[in-house]
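> Let me give you the structure first, and then I'll get to my questions.
The values are calculated or read from the model by the stated rules, or taken from the named source; none is laboratory data. These numbers were taken from a predicted model, which means no experiment stands behind them. Cβ placement follows ideal geometry from the backbone for every residue including glycine, while neighbour counts extend to all protein chains displayed.
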Amino acid sequence: MILIGEKINGTRKQVGEAIEKRDADFIRDLALRQFQGGASYLDLNAGSLPEREPEDMAWLVEIVQEAVPDATLCLDSPNHKALRAGIQKAAKTPMLNSLSGEQFRVDGVLPLACEFGTELIILPISDSGIPGDAAGRLAVVRRLVEMTRKGGLPDEKLFVDPLVMAISTGVENGNITFETCRKISEEFPRVHITCGLSNISFGMPLRSILNQAFLVLGIQAGMDSAILDPERRELRGMMMAAETLLGKDRHCMNFNRAFRAGKIGPAKGA
């Protein structure tokens, strides 16, 4: 399972203040804790005004890659100028988050991904909005994959997000996500499937339990990546247990190693 750390996001109050004040120590610590928690990718979202965002994104890239040089950065913005500024500061090719079927993103994000050969998150959104069913979302994904192939990006560099909608706004939203995952896996077996995991539980009590259950069902449906808080031990343990039970962990080695290293199960002293 590929984990993308979600916490360096300027729309979060403390992170936004740290970006504005150029509090490098705060950002470094956030990056390091997520990497140590198992995230191999770190999402960077400056969340600032468009005129400031390129400078803020470039600063985030410099600070985070200094703290965790082995992590891959995931540059998160609809602003192609901010994405380019981040790419130019990155020591190694980052992931871009994200391309949708909206024309302004096709015009701005897709050329950058093809020019630099980045990994790329794809969202099934069109100028008409978010399709309400799996078939509609697959149709948008199909059109976008055709574009990325023409641009020279191999399917292996694509991470399709089926778009997780809160279960509190529609009781079928979980099922729509899982069906979308299955359809994508069947038609495009070499692409990755990711999601913003905690979106499913927005507005609900006991969000942690819902997130864990959703993660297990998502893995069974074909999800091999997630944008989440990697410091949540219960999520990490549930993820590794699901992969083991679904035969995705050869000889149960990853599960056993993580247990012996104290990365899953009750925390010491708990």
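> What residue, of Glu156, Glu115, is surrounded by fewer than 14 Cβ atoms within 10 Å (Cβ to Cβ), among the charged types (D, E, K, R) and under 22 Å from Ile2 (Cα atoms)?
Within the list Glu156, Glu115, the selection yields Glu156.
> Of the numbered conditions (1) touching a residue at least 60 places away in the same chain (Cβ under 8 Å); (2) assigned to a strand (DSSP E or B); (3) buried (at least 24 other Cβ atoms within 10 Å of the Cβ), Lys7 fails exactly one; give the number of that condition.
Result: Lys7 passes all but (3).
> Right, another one. Scanning for something crowded, with 17+ Cβ neighbours inside 10 Å, among the hydroxyl-bearing types (Ser, Thr, Tyr) and touching a His at 6+ places or on another chain (Cβ under 7 Å), does segment 238-255 turn up at least one residue?
For segment 238-255, residues crowded, with 17+ Cβ neighbours inside 10 Å, among the hydroxyl-bearing types (Ser, Thr, Tyr) and touching a His at 6+ places or on another chain (Cβ under 7 Å): absent.
> Further question: Glu156 versus (1) assigned to a helix (DSSP H, G or I); (2) in contact with a helix residue (DSSP H, G or I) (Cβ under 9 Å, 6 or more places away or on another chain): which is the lone unmet condition?
(2)
> Among the residues of segment 1-36, which ones are closer than 22 Å to Glu53 by Cβ and among the aliphatic types (A, V, I, L, M)?
Ile4, Ile8, Val15, Ala18, Ile19, Ala24, Ile27, Leu30, Ala31
> Quick check: is even one residue across segment 33-49 more than 20 Å from the chain's Cα centre (by Cα) and not in a strand (DSSP E or B)?
yes
> Can you report the number of residues in segment 221-248 which are touching a residue at least 60 places away in the same chain (Cβ under 8 Å), outside any loop (DSSP other than H, G, I, E, B), in contact with a Gly (Cβ under 8 Å, 6 or more places away or on another chain) and farther than 21 Å from Met165 by Cα?
1
> Can you confirm whether segment 88-97 contains a residue that is assigned to a strand (DSSP E or B), touching a residue at least 24 places away in the same chain (Cβ under 8 Å), among the hydroxyl-bearing types (Ser, Thr, Tyr) and surrounded by fewer than 21 Cβ atoms within 10 Å (Cβ to Cβ)?
no
> Within segment 172-185, does at least one residue satisfy the condition of being assigned to a helix (DSSP H, G or I), at pLDDT 95 or above, more than 18 Å from Ser77 (Cα to Cα) and small (Gly, Ala, Ser)?
Just the residues of segment 172-185 that are assigned to a helix (DSSP H, G or I), to begin with: 173-185.
With the extra rule that they be at pLDDT 95 or above, the set shrinks to 173-185.
Going one step further and asking which of them are more than 18 Å from Ser77 (Cα to Cα), we end up with 173-185.
Okay, now just the ones that are also small (Gly, Ala, Ser), so 174, 185.
Yes, some residue in segment 172-185 is assigned to a helix (DSSP H, G or I), at pLDDT 95 or above, more than 18 Å from Ser77 (Cα to Cα) and small (Gly, Ala, Ser).
> Regarding Leu42, is this residue more than 18 Å from Gly196 (Cα to Cα) and either modelled with pLDDT under 95 or surrounded by 14 or more Cβ atoms within 10 Å (Cβ to Cβ) (or both)?
no
> Here's another thing I want to ask about it. Restricting segment 159-173 to residues that are in contact (Cβ under 8 Å) with a residue 24 or more places away in the chain and surrounded by fewer than 20 Cβ atoms within 10 Å (Cβ to Cβ), which is nearest to Ala221 (Cα to Cα)?
So the residue we want is Asn173.
> Look at segment 178-201 and say how many of its residues are within 21 Å of Asn97 (Cα to Cα) and either surrounded by fewer than 15 Cβ atoms within 10 Å (Cβ to Cβ) or in contact with a Cys (Cβ under 7 Å, 6 or more places away or on another chain) (or both).
Summing the residues that are within 21 Å of Asn97 (Cα to Cα) and either surrounded by fewer than 15 Cβ atoms within 10 Å (Cβ to Cβ) or in contact with a Cys (Cβ under 7 Å, 6 or more places away or on another chain) (or both) in segment 178-201 gives 3.
> Next question, about the same structure. Report every pair of residues separated by at least 6 positions or lying on different chains whose Cβ atoms are under 6 Å apart, first residue within segment 204-220 and modelled with pLDDT of 95 or more, second among the polar types (S, T, N, Q).
What qualifies is Met204/Ser168; Arg207/Ser201; Leu210/Ser201; Asn211/Ser198; Asn211/Ser201.
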